[in-house]
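Worksheet: one structure, shown below.
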Amino acid sequence: MILQRPRGTRDFLPAEAWRRSVARKAMESILVRWGYQEIATPTFEHLELFTMKSGQSVIDEIYSFKDKGGRDLALRPELTAPVMRMYVSELQNAPRPQRLYYFGNCFRYERPQKGRFREFWQLGAELIGGSRPDSEAEVIALADQTLRSVNVVGEIHVGYLGLIRSIMDRIGAEHRPTVMRMIDKKEREALAEFLDDIGANHLGLLDLIDLKGKDALDKAVEIARDLGAGRAQESASTAGASAGSSEMAGRASARTGRSVSAELRIDEFRETVELLEAYGVDFTTDFEIVRGLEYYSGTVFEIYAEGLGAQRQICGGGTYELASLFGGKETSSTGFGLGFDRIMEIVQIEDERKPPVFLAFTPDVKVDAAKIAKKLRQKVPVVLDVMGRGLGAQLKAAGSAGAQFVIILGRNELDNGKLTLRNMLTGEQESLTMAQIEDTLNERLSCL
RNA sequence: GCCGGGAUAGGGUAGUGGUUAUCCUGAGGGACUGUGGAUCCCUCGAGCUGGGUUCGAAUCCCGGUCCCGGCCCCA
């Protein structure tokens, strides 16, 4: 009562820690099978890493502090930026593509509720530097498979930001944030009105976000074609304008470059969709997927699951351009992050922990018990009483701990070189040598 | 950041201004110093926190903390 956990944090008792470990291993085995290698980055980074391009909503929620040297630091709110920072500083000359995955805690100052915590864990993967449709399809299929490894089947929505951003270019810059917000918040009526007011209703935006699946894709191709007309002089002028300053060039080119070639990219998006079908991924094309992190540039996707209340999203990802922002060569990457805690809320994993074998001994042979326990531990998990209990109490303790086997060691056993193995479920006891006990326990414990 | 519901032994709970706060479970010990989960006995252990109202507060009021649901945002 005196010391409480900080708000939004959790303790994991053995049963829950075990479940999390099982789920994590199952998902990691899929990532490894697809050729992804685990990496880890620091829990805190320079604040700047996250403020550069994470989007205001993330920045507002950041846990930041000054260290004793006056540096501005932040607990990581997500892992994509740190991974890309690492890539730029350490892996730029490694062969591409790089397939990386990570599992780590992240921190956001938010209002905790079901499936949302201030310290939470993400399991994610990044495919750095691959060609677009192939990478995108691989990453989305991988996210799907990873979830399936723990029997979670989500609803996958795949969208394409390149097109939306191209349409935005046709809307006055002062109106773009409003429109994006309305799309994101699904304020359909208000959006229709607003587009009318600013004379942008001819762009097909409303139809685009209303349509899902195949129809949405067809509409997207049509819009991209319309946008292509009369683009030439426009792109020439924007490209010229951004060609000056060196520091801003990367960011500016990432934006305009993307929108200028939107009609080409829609073909790539269509290829991504075809590849996804080849992978057998069950998904919906949905241009309403916008995503809050501003570094996403192309295909974006989200996965939703049932049983989580308001926090339905268990995965988010897409194609982004971060390497150039961190001073590296322009490198296209695709990745995803899974909300591990949300997955744990809906995953069905039984607690199948096996209690260890108890070595119960009489006080006069304590030293021998320690020696024997040490030897047995090479093959089987063994615990010794440390409470100074009598033999009866040790049996009782073993019983309440759920032990299936107890090895009994006393003067009699020492003298005739055999230990007593008691099966706590049946009450049967047999007198066996060390080797026999090891074999028996190995066999019995593994098949239980 | 906003709206609403909560907080009583380690876990789960009852009570609703009035002596020693209910029950289940748990933990420790004993009956049983070489054989356990049963039984019996004993013991331990609680009204989130800080104010206020009152002769008297776990109970009523206010602030804070934390939890839960929703909004927002996200994973």
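The values are calculated or read from the model by the stated rules, or taken from the named source; none is laboratory data. Here the structure is a predicted model, which is why all the values come from computation and not from measurement. Because the Cβ atoms are built from the backbone with ideal geometry, glycine has one as well, and the counts that use them run over all protein chains shown. Heads up: the accessible areas ignore ligands, DNA and RNA and are worked out on the full protein's heavy atoms, side chains in. Shrake-Rupley method; radii C 1.70, N 1.55, O 1.52, S 1.80 Å.
Based on this model, can you work out whether A:L359 counts as part of a strand (DSSP E or B) and not basic (K, R)?
Numbers: part of a strand (DSSP E or B): yes; not basic (K, R): yes.
So A:L359 fits the description; yes.
Just for region A:155-170: of the residues that are touching a helix residue (DSSP H, G or I) at 6+ places or on another chain (Cβ under 6 Å) and not charged (D, E, K, R), which one is nearest to A:R270 (Cα to Cα)? Here the residue is A:Y160. Residues of region A:418-430 that are polar (S, T, N, Q) and exposed (fewer than 15 other Cβ atoms within 10 Å of the Cβ): A:N423, A:T426, A:Q429. For the condition farther than 20 Å from A:G35 by Cα, free of Cβ contacts under 8 Å to residues at least 24 places away in the same chain and open to solvent by 10 Å² or more (accessible area, probe 1.4 Å), A:R111 qualifies.
Condition test on A:K354, is it at negative phi, part of a helix (DSSP H, G or I) and among the basic types (K, R)? So A:K354 does not fit the description; no. When the criteria are applied in full, A:I437 fails the requirement of being part of a helix (DSSP H, G or I), within 13 Å of RNA strand B (Cβ to nearest atom) and β-branched (V, I, T). For A:E345, the conditions (1) open to solvent by less than 30 Å² (accessible area, probe 1.4 Å); (2) part of a helix (DSSP H, G or I); (3) closer than 29 Å to A:Q145 by Cβ; (4) in contact with a Leu (Cβ under 8 Å, 6 or more places away or on another chain) are fulfilled apart from (1). For region A:388-407, the count of residues that are open to solvent by less than 50 Å² (accessible area, probe 1.4 Å), more than 13 Å from RNA strand B (Cβ to nearest atom) and in contact (Cβ under 8 Å) with a residue 40 or more places away in the chain is zero. With respect to the conditions (1) within 13 Å of RNA strand B (Cβ to nearest atom); (2) in contact (Cβ under 8 Å) with a residue 24 or more places away in the chain; (3) farther than 24 Å from A:R24 by Cα, A:H175 lacks only one, and its number is (1). Taking the conditions (1) surrounded by fewer than 23 Cβ atoms within 10 Å (Cβ to Cβ); (2) within 19 Å of the chain's Cα centre (by Cα); (3) not in a loop (DSSP other than H, G, I, E, B) in turn, A:E302 satisfies each one other than (1). A:R76 falls short on exactly one of the conditions (1) open to solvent by less than 80 Å² (accessible area, probe 1.4 Å); (2) more than 30 Å from A:P177 (Cα to Cα), and that condition is (2). Of the set (1) away from RNA strand B (no atom under 13 Å from the Cβ); (2) touching a Pro at 6+ places or on another chain (Cβ under 9 Å); (3) over 21 Å from A:M27 (Cα atoms), all apply to A:D134 but (2).
Take residues that are within 16 Å of RNA strand B (Cβ to nearest atom) and tell me which of the strands (runs of 3 or more DSSP E) falling wholly in region A:17-130 contain 2 or more.
A:63-66, A:72-75, A:98-107, A:119-128
Please work out if A:F283 is open to solvent by 30 Å² or more (accessible area, probe 1.4 Å), modelled with pLDDT of 85 or more, in the same structural domain as A:D134 (by TED's automatic domain parsing) and touching a helix residue (DSSP H, G or I) at 6+ places or on another chain (Cβ under 8 Å). When the stated conditions are applied, A:F283 passes them. Note on region A:178-204: residues that are in contact (Cβ under 8 Å) with a residue 60 or more places away in the chain and part of a loop (DSSP other than H, G, I, E, B) total 1. Only one of the numbered conditions (1) at pLDDT below 90; (2) open to solvent by 40 Å² or more (accessible area, probe 1.4 Å); (3) closer than 26 Å to A:Q145 by Cβ is violated by A:E288, and that is (2). Checking A:R85, A:R71 one by one, the residue that is at pLDDT 90 or above, crowded, with 17+ Cβ neighbours inside 10 Å and out of contact with any Cys (no Cβ under 7 Å at 6 or more places or on another chain) is A:R85 and no other. Entry remark, region A:11-43: residues being crowded, with 17+ Cβ neighbours inside 10 Å and over 18 Å from A:Y101 (Cα atoms) number 1 in total.
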